[in-house]
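Structure first, commentary second.
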Amino acid sequence: MDHVHRIVLPGRTEGVVLSESGEPLVPPEDWAFLPAGDAAVTKRVKAQGATWVVRERRGRREISKGIWANAAHILTSQKEVEARRSTPEYDRRREKELDRREVKQAAYVAEFYDEVVSFLAFHPRYLGEAGLLAAKVTAHATPVGSGTVARTQRIPVARRAEAAVIAWMRHQTTAYDVMSIARIKGRRREVRGQLAAKSVELLHAYRQGQEVAANCPLRMALGQGQAVVLLLQDI
């Protein structure tokens with residue numbers, strides 16, 4: 001049986017939500033709120049009856065905060081899931097699933113590292129720097145749940161690697177994190193574009209095998225874990 005799962009927005013006061021048009025709504029008296037975080041329980045609750053799904057927009061993303069549903073359905077679902085998880089069979093399946101995820105993650109980390117090295121395309125003179133930079137970018141970008149561009153499925157891995165390198169360099173070799181950027185629409189994107197161009201220019205020297213200065217921002221970032229010399233100081 002299909003049930004209605006209405007999308008609502010967080011309200012300004014406890015126990016009140018807003019319709020998509022902004023109208024205040026009060027859940028039925030026999031309902032309770034189930035916070036997001038346990039997909040198995042949420043799925044069982046939705047299978048038993050109607051719910052109000054609370055979603056909050058953050059930038060371009062919609063974040064699920066949880067659901068309002070019949071309190072008895074929530075309690076029953078929690079007990080069912082808890083009972084299922086307490087069995088030896090569940091433990092064995094869970095262990096196999098974790099092993100599978102670890103293998104998949106390890107393979108992705110290796111693939112991502114190779115894509116970063118490929119994007120860098122450093123001269124043989126700087127193969128050591130390429131490996132070190134690729135390792136740093138990969139370690140930062142690939143952890144599950146990191147929310148970085150490396151975890152998106154919307155673009156090919158090669159483009160994820162390129163974006164991850166530029167993002168890492170923006171934070172490690174430029175003044176971006178301490179810049180005072182005017183709150184003007186499009187200004188932050190403009191600054192990031194300028195910094196990206198400077199990062200690509202910096203990479204060019206390593207790709208061509210040119211001599212790089214001792215105070216090169218990238219060299220310092222690789223050697224010390226943070227940049228001391230900043231790019232685009234006049235932005």
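The values are calculated or read from the model by the stated rules, or taken from the named source; none is laboratory data. None of these values were measured; they are calculated from a predicted model. Cβ atoms come from the backbone with ideal geometry, glycine included; neighbour counts cover every protein chain shown.
Would the range 56-71 turn up any residue that is at pLDDT 90 or above, part of a helix (DSSP H, G or I) and not basic (Lys, Arg)?
Scanning the range 56-71, I find at least one residue that is at pLDDT 90 or above, part of a helix (DSSP H, G or I) and not basic (Lys, Arg), so the answer is yes.
If you check every pair at least six apart or on different chains, which have Cβ atoms under 7 Å apart with a residue in the range 185-213 that is closer than 28 Å to Arg125 by Cα first and a residue that is exposed (fewer than 11 other Cβ atoms within 10 Å of the Cβ) second?
So the pair list comes out as Arg207/Ala121.
Go through (1) in a loop (DSSP other than H, G, I, E, B); (2) crowded, with 16+ Cβ neighbours inside 10 Å; (3) not small (Gly, Ala, Ser) for Glu115 and report which single condition fails.
Looking at each condition in turn, Glu115 falls short on (1).
Rundown of residues vs (1) outside the structural domain of Arg159 (by TED's automatic domain parsing); (2) closer than 30 Å to Gln153 by Cα; (3) of a type in the set (A, V, I, L, M, F, W, C), yes/no style:
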residue: Ser19; (1), (2), (3): yes, no, no
residue: Leu25; (1), (2), (3): yes, no, yes
residue: Ala32; (1), (2), (3): yes, no, yes
residue: Pro35; (1), (2), (3): yes, yes, no
residue: Gly49; (1), (2), (3): yes, no, no
residue: Lys79; (1), (2), (3): yes, no, no
residue: Gln105; (1), (2), (3): no, yes, no
residue: Tyr108; (1), (2), (3): no, yes, no
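Is it fair to say Ala40 is small (Gly, Ala, Ser), out of contact with any Asp or Glu (no Cβ under 6 Å at 6 or more places or on another chain), closer than 27 Å to Arg85 by Cβ and surrounded by 15 or more Cβ atoms within 10 Å (Cβ to Cβ)?
Against the criterion (small (Gly, Ala, Ser), out of contact with any Asp or Glu (no Cβ under 6 Å at 6 or more places or on another chain), closer than 27 Å to Arg85 by Cβ and surrounded by 15 or more Cβ atoms within 10 Å (Cβ to Cβ)), Ala40 does not qualify.
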